[in-house]
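Worksheet: the structure to be examined is printed underneath.
FYI, it's all coordinate maths here, none of it is from the lab. All figures in this text were calculated on a predicted structure; none of them were measured in a lab. Virtual Cβ from ideal backbone geometry, glycine too; neighbours counted across all protein chains shown.
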Ligand SMILES: [Zn+2]
């Protein structure tokens with residue numbers, strides 16, 4: 001049987017020890033990778049570093065946990081937002097360490113979503129730790145442009161909020177650690193199969209030494225999703241990623 005092609009929808013390649021060696025190795029497999037940036041300055045650099053890899057897509061981001069130190073790079077983000085098809089990692093984090101920047105986080109997330117809505121055709125990966133309800137409220141009130149696609153990365157909200165996100169048409173990128181928790185399993189069992197994507201969130205959730213390990217991880221994560229759902233949706237997950245990239 002031919003191996004399916006999956007899209008790693010949320011990865012941090014620039015935090016790998018040896019990004020280029022890893023990427024050369026992943027060329028031997030069919031999978032693609034959407035790589036996040038956590039600062040707008042990193043986007044400029046990553047765009048150049050990844051330009052020779054047709055299976056890698058660089059997202060423009062400003063991580064909510066870095067707002068305190070990196071807010072001044074917002075100008076760079078807005079300089080590139082028109083050209084960037086992929087946006088992330090952006091979002092809101094209400095964990096105790098980041099609560100002090102919550103006002104700035106909400107304002108910045110609002111502004112980025114607003115601009116994405118203006119330009120359209122963006123694929124946006126969203127961090128929503130303890131903030132899924134605020135994120136959805138912002139999406140509900142700001143989003144008019146139907147061409148944008150929102151991916152909830154490692155969603156950990158409650159089931160009511162999950163249903164709101166599904167109603168809004170969000171995608172969900174699932175990683176292996178998420179599947180380990182009871183809530184994660186519940187979420188995976190409820191999601192419409194057309195909205196499921198796979199992510200590694202490497203090197204945070206897992207570290208890869210080779211393209212082979214990455215490929216195994218993608219396939220194993222899909223297998224675990226199938227196991228939870230008691231149905232084989234491998235083809236569908238592959239298709240979800242391919243369609244997302246081809247829009
Ligand atoms: Zn991440």
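Of all the residues that make up the stretch 41-82, how many are out of contact with any helix residue (DSSP H, G or I) (no Cβ under 9 Å at 6 or more places or on another chain) and assigned to a loop (DSSP other than H, G, I, E, B)?
Here the count works out to 2.
Can you tell me which residues in the stretch 14-39 are touching a strand residue (DSSP E or B) at 6+ places or on another chain (Cβ under 9 Å) and either part of a loop (DSSP other than H, G, I, E, B) or under 21 Å from residue 149 (Cβ atoms) (or both)?
Matches in the stretch 14-39: 31, 32, 33, 34, 35, 36, 37, 38.
Go through the stretch 120-132 and give me each residue that's more than 16 Å from the ligand (Cβ to nearest atom) and buried (at least 17 other Cβ atoms within 10 Å of the Cβ). Working first, answer last.
The initial filter retains those residues of the stretch 120-132 that are more than 16 Å from the ligand (Cβ to nearest atom), namely 120-122.
The one that is more than 16 Å from the ligand (Cβ to nearest atom) and buried (at least 17 other Cβ atoms within 10 Å of the Cβ): 122.
Quick check, is residue 87 under 25 Å from residue 110 (Cα atoms), assigned to a strand (DSSP E or B), free of Cβ contacts under 8 Å to residues at least 60 places away in the same chain and within 16 Å of the ligand (Cβ to nearest atom)? If you could, list the steps in order and put the result at the bottom.
Details: under 25 Å from residue 110 (Cα atoms): yes; assigned to a strand (DSSP E or B): yes; free of Cβ contacts under 8 Å to residues at least 60 places away in the same chain: yes; within 16 Å of the ligand (Cβ to nearest atom): yes.
Here the answer is yes, as residue 87 does meet what is asked.
Step by step: first the residues of the stretch 40-50, then only those that are out of contact with any strand residue (DSSP E or B) (no Cβ under 8 Å at 6 or more places or on another chain) and in contact (Cβ under 8 Å) with a residue 24 or more places away in the chain, then the one that is nearest to residue 153 (Cα to Cα). Which residue is that? Write out each step before concluding.
Initially, the stretch 40-50 is screened for residues out of contact with any strand residue (DSSP E or B) (no Cβ under 8 Å at 6 or more places or on another chain), giving 41-42, 44-45, 48-49.
Add one more test, that the residue is in contact (Cβ under 8 Å) with a residue 24 or more places away in the chain, and what stays is 41-42, 44-45, 49.
On the way: 41: 22, 42: 20, 44: 23, 45: 23, 49: 24 Å.
Result: 42.
For residue 217, work out the one condition from (1) closer than 20 Å to residue 155 by Cα; (2) away from the ligand (no atom under 16 Å from the Cβ); (3) out of contact with any helix residue (DSSP H, G or I) (no Cβ under 6 Å at 6 or more places or on another chain); (4) part of a helix (DSSP H, G or I) it doesn't fulfil.
All conditions pass for residue 217, except number (2).
Between a residue in the stretch 121-150 that is assigned to a helix (DSSP H, G or I) and any residue that is within 16 Å of the ligand (Cβ to nearest atom), which pairs come within a Cβ distance under 7 Å, given they are 6 or more apart or on different chains?
If the second residue must be within 16 Å of the ligand (Cβ to nearest atom), the pairs left are 132/155; 134/92; 135/91; 135/92; 135/126; 135/128; 138/109; 139/150.
Do you know which residues across the stretch 78-106 are surrounded by 13 or more Cβ atoms within 10 Å (Cβ to Cβ) and more than 19 Å from the chain's Cα centre (by Cα)? It would help to see each step written out before you state the result.
The first filter runs over the stretch 78-106 and keeps only residues surrounded by 13 or more Cβ atoms within 10 Å (Cβ to Cβ), leaving 78-81, 84-94, 98, 101-102, 104-106.
Of everything in the stretch 78-106, those that are surrounded by 13 or more Cβ atoms within 10 Å (Cβ to Cβ) and more than 19 Å from the chain's Cα centre (by Cα) turn out to be 78, 79, 98, 101, 102, 104.
Count, please, the residues in the stretch 98-110 that happen to be away from the ligand (no atom under 16 Å from the Cβ) and either in a strand (DSSP E or B) or in contact (Cβ under 8 Å) with a residue 12 or more places away in the chain (or both). Talk me through it step by step, then tell me what you get.
As a first pass, look at the stretch 98-110 and keep what is away from the ligand (no atom under 16 Å from the Cβ): 99-104, 106-108, 110.
Adding the requirement that they be either in a strand (DSSP E or B) or in contact (Cβ under 8 Å) with a residue 12 or more places away in the chain (or both) leaves 100-101, 104, 106, 108, 110.
Number satisfying all stated conditions: 6.
Residue under question is residue 75, and the condition is that it be more than 16 Å from the ligand (Cβ to nearest atom), over 19 Å from residue 151 (Cβ atoms) and exposed (fewer than 14 other Cβ atoms within 10 Å of the Cβ); does it hold? Outline the logic, then answer.
Details: more than 16 Å from the ligand (Cβ to nearest atom): yes; over 19 Å from residue 151 (Cβ atoms): yes; exposed (fewer than 14 other Cβ atoms within 10 Å of the Cβ): yes.
When the stated conditions are applied, residue 75 passes them.
Considering only residues that are more than 12 Å from the ligand (Cβ to nearest atom) and buried (at least 21 other Cβ atoms within 10 Å of the Cβ), look in the stretch 1-22 and name the one that is farthest from residue 236 (Cα to Cα). Spell out how you get there, then give the answer.
First, pick out the residues of the stretch 1-22 that are more than 12 Å from the ligand (Cβ to nearest atom): 1-7, 16-22.
Narrowing further to those that are buried (at least 21 other Cβ atoms within 10 Å of the Cβ): 6-7.
Numbers: 6: 10, 7: 12 Å.
Ranking the candidates gives 7 first.
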